[in-house]
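Please read the structure below before turning to the comments.
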Amino acid sequence: MLSKEYSRTEPESVSEKECSERNKTMNFRFAHNNFNVIDLEKSMKFYEEALGLHEVRRKEAPDGSFILVYLGDGESKHQLELTWLRDWEKDHYDLGDDEFHLAFTTDDMEAAHKKHEEMGCICFENPKMGIYFIEDPDEYWIEIIPER
């Protein structure tokens, strides 16, 4: 059970300095994000073709009930975990209002846009901001932004 300090319903406003002071004895770093997928092979192919991600490691349940595949970009430590669940009975995942997403930077926005346009996976563009989004086979949105 969480202590009262960590079970607040309203978040306390904490400055960056205060947060840094609280965490002096511990460090946190991003490890991975998870997307559940219906067709693991189709999703892996998409992420390799669209973003150059490759399988870093895999974990399969002994009873075959799930497979976790971690994808990496070969540069950062952050990974994308694709989870396939054998007993998922629906044909899709409810992704809410598409308000959560991953973002990737690219050093060649023009070539990236052309590739994604050819793949037919661009789902939203914001030319004023210089960004666009692609959609994977399970309808997750991935933001593409130029390196700054």
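Things worth noting here:
- Within region 105-148, the set of residues being assigned to a strand (DSSP E or B) and among the aliphatic types (A, V, I, L, M) comprises Ile122, Ile131, Ile134, Ile142, Ile144, Ile145.
- In the set (1) modelled with pLDDT under 95; (2) of a type in the set (Asp, Glu); (3) exposed (fewer than 11 other Cβ atoms within 10 Å of the Cβ), the condition left unmet by Glu118 is number (1).
- For the residues Lys59, Lys45, Lys90, the requirement of being assigned to a helix (DSSP H, G or I) and either farther than 23 Å from Glu143 by Cα or at pLDDT 95 or above (or both) singles out Lys45.
The values are calculated or read from the model by the stated rules, or taken from the named source; none is laboratory data. Small disclaimer: the values here were computed from a predicted structure and weren't measured. Cβ sites come from the backbone with ideal geometry, for glycine too, and all protein chains shown count toward neighbours.
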